[in-house]
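One structure is given below, encoded as structure tokens.
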Amino acid sequence: MKTITATELAEHSSRESCWLAVHGKVYDVTPFLDEHPGGAGLLLKSAGGDATSAYESIHNPELIAETLTEEALLGEIDTSALPSSTLSKEEEAKAQDEPEYPPLSNIINVDDFELVAQKYLSPEGWAYYSSAAEDETSRQDNARLFQILKLRPRILRDVNSISTNVTILGNESSVPFFICPTGFAKYAHPNAELNLAAAAGKEGVHEIIPTSPSMSLEQIAQARSSPSQTQYLQLYVNKDRSKALSLIRRAEKAGMKGLFITVDSPVLGKRERDDRLKALSLGSDAPNTGIAKIGSSTLLNAGLKWEDLAWIRSITKLPLVLKGVQAVEDAVLAYQHGVEAIYLSNHGGRSMDTSQAPVLTLLEIRKYAPELIRNPKLQIYVDGNIRRGTDVIKCLALGATAVGVGRPCLYSMTGGYGEDGVRHLINILRGEIIGNMGLIGATSIQELVPSMVNSQRAEMEIFGGVRL
Ligand SMILES: Cc1cc2nc3c(=O)[nH]c(=O)nc-3n(C[C@H](O)[C@H](O)[C@H](O)COP(=O)(O)O)c2cc1C
């Protein structure tokens, strides 16, 4: 491969000729400038120089080869000849001026991590992680529903010995919660998904890896603490079936134990905080191109239909879960289509704003299709602002098998906490679940029953017009 000097690279730093070095390889991205989902401005920021750190901070290593044509690769460069950083002056000043973060022992609850994350994350990272769609009503509503569900503790039961074990898709988990799939984990920590995998393995927790992680699926699989550690793949079913098939084969080969097919985002929700920030920083170069748009542009498939499930079933033996079921009618359809589990979620409020809270969908299922609850052929998972052990207990008592935790897993890696932060988060939640099971009078997950939850207020919000 041709060798390119740093001087030669620096000569191509304009819209007319834009070269970038990534991982020691030089690419001519001039024809791609206007196609870049993040806008030309982002590429031009690193034009004529080393874009590795900017690229790595959000993209996974394979994306560049998947996106650019072969002709775009011009040659190799001696990276030691390049300036080590492409940070802007403000970014460099911020890095030197980094605040000190509290020791993990001072992090007492899940929300404490969010305070650290808000200080640590770049404005883009914070906007991408914390935001939700439009007015963010659903994100707030996910929290509100847990507040109006009240618990009815039972007394005088021997709660000396408590087990939080559950079986998810046939795999043992030490706790009834798992790590949700989340994109762009590298904003939180350079080792991103490696931390999540290592922490999950050491704590006996399951995790779902997103379709497009910031490291390769194989690297994440290798970060398991033991070969039996359970990881699943979240799947945005690619429009191009050959690409979807190839990802499923990679998931099987990497030992993933199930596919979580995301169905709540045929198109992207309107993430205004994210979009606004990008528009402000890049001006006219990037109207409406927040991080979410950058990441999802090649992932989402507006044409996906119920019939496609049969195709997925025909090409893999992995258990199938539909992630993002939001109405009892679809829960029933999913059951009829023979999936192993449904996952009630509104994407943390990030897809359709004002979509109802997943725990309300759980109540809807209890009312209209009770046969689906604790059905041996169908597991039910719930996510959306699970921040307390009591939130977990409410979902399980109402019939969920397990719940997912999203943003807090990202936040727990920030402030340099990495893997230790994720383990601390898991243990905070585990401790709250055990403590609250003791208080409610349950020694195992099976002993959490619907009568322990006073859901009367929330039930008044259930849609009355369901026809099955
Ligand atoms: C930053 C971020 C990225 C996400 N990326 C994905 C994704 O790639 N695929 C997916 O199915 N869900 C994704 N989600 C949704 C989560 O899997 C989950 O449904 C949601 O975060 C749960 O709500 P919580 O964050 O309030 O716990 C993402 C959520 C966040 C916050």
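The values are calculated or read from the model by the stated rules, or taken from the named source; none is laboratory data. Treat the numbers as computed from the prediction; the structure is a model and nothing was measured. Virtual Cβ from ideal backbone geometry, glycine too; neighbours counted across all protein chains shown. Just the protein is used for accessible areas: all its heavy atoms, side chains included, with ligands, DNA and RNA removed. Shrake-Rupley method; radii C 1.70, N 1.55, O 1.52, S 1.80 Å.
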Legend entry - Whole-Hz couplings from phi, Karplus 6.51/-1.76/1.60, listed for the range 344-355; x for Gly and Pro: 7, 7, 10, 6, x, x, 8, 9, 9, 6, 6, 5
Legend entry - Two-site label geometry, Asp308 and Gln219: point separation in nm, points 7 Å out along Cα→Cβ: 2.8
Legend entry - Violating pairs (Cα-Cα greater than 21 angstrom) within the set Lys239/Lys377; Lys119/Lys186; Lys45/Lys119: Lys239/Lys377; Lys45/Lys119
Legend entry - Packing-based ranking, highest mean first, of 409-418, 210-219, 333-342, 184-193 given that Cβ atoms within 10 Å are counted: 409-418, 184-193, 210-219, 333-342
Legend entry - For the range 110-459: accessible area per residue (Å², 1.4 Å): 38
Inset, instruction - Calculate for the chain the 222 nm mean residue ellipticity that helices alone would give, adding -39,500 (n - 2.57) per DSSP H run of length 4 or more and normalising by residue count, nearest 500 deg cm²/dmol. - result: -10500 deg cm²/dmol
Inset, instruction - Could you go through the range 17-30 in sequence order and give the Karplus-derived ³J(HN,Hα) for each residue, using 6.51 cos²θ - 1.76 cosθ + 1.60 with θ = phi - 60°, rounded to whole Hz, and x for Gly and Pro? - result: 8, 10, 10, 9, 9, 9, 6, x, 10, 9, 10, 8, 9, 3
Legend entry - In Å², nearest 10: area of His23 left accessible to a 1.4 Å probe: 100
Inset, instruction - Provide Met1, Met256 ordered by accessible surface of protein heavy atoms (probe 1.4 Å), highest first. - result: Met1, Met256
Legend entry - Distant-in-sequence amide H partners of Phe177 (H built 1.01 Å from N, under 5 Å): Val403
Legend entry - Within straight-line cross-link reach of Lys25, aspartates and glutamates at Cα separation under 18 Å, skipping those fewer than 8 residues along the same chain: Glu8, Glu11, Asp50, Glu56, Glu62, Glu66, Glu70, Glu71, Glu76, Asp78
Legend entry - Amide H contacts under 5 Å for Gln379, placed H, 5+ residues apart: Ala341, Ile342
Inset, instruction - Only Cα pairs under 8 Å and at least 6 apart count here; give the relative contact order of the range 383-459 as a rounded whole percent. - result: 39
Legend entry - Under Karplus coefficients 6.51, -1.76 and 1.60, residue-wise ³J(HN,Hα) of the range 436-450 in Hz, glycine/proline x: 6, 5, x, 5, 8, x, 10, 9, 9, 4, 4, 7, 7, 10, x
Inset, instruction - Determine the alpha carbon to alpha carbon distance for each of Lys2/Lys253; Lys270/Lys394; Lys270/Lys323; Lys243/Lys367 and list only those over 28 Å. - result: Lys2/Lys253; Lys270/Lys394; Lys243/Lys367
Legend entry - 4 °C / 1.567 mPa s Stokes-Einstein diffusion coefficient of the chain, Kirkwood radius on C-alpha pairs, µm²/s: 55
Inset, instruction - With a 1.4 Å probe and every protein chain left in place, tell me how much accessible area Ile291 has, in Å² to the nearest 10. - result: 0
Legend entry - Fraction of antiparallel bridges per DSSP, the range 337-468 only, in percent to nearest 5: 10
Legend entry - Relative contact order, percent, the range 110-459 [alpha-carbon distance under 8 Å, six or more residues apart]: 29
Inset, instruction - For His337 and Asp78, calculate 0.36 nm times their separation in residues minus their Cα-Cα distance, and state this gained length in nm to one decimal. - result: 87.8 nm
Inset, instruction - Could you pull out every residue, at least 5 positions away or on a different chain, whose amide H is within less than 5 Å of the one on Glu76? Hs are placed 1.01 Å off N in the peptide plane, and Pro or chain starts have none. - result: Lys2, Thr3, Ile4, Val26
Inset, instruction - Could you check how much of the accessible area of the chain is carbon and sulfur, as a whole percent, using a 1.4 Å probe? - result: 52
Inset, instruction - Show me 175-183, 235-243 ranked by packing, highest mean number of other Cβ atoms within 10 Å first. - result: 175-183, 235-243
Legend entry - Mean Cα-pair separation over length for the range 291-379, i.e. relative contact order, pairs under 8 Å, 6 or more apart, %: 25
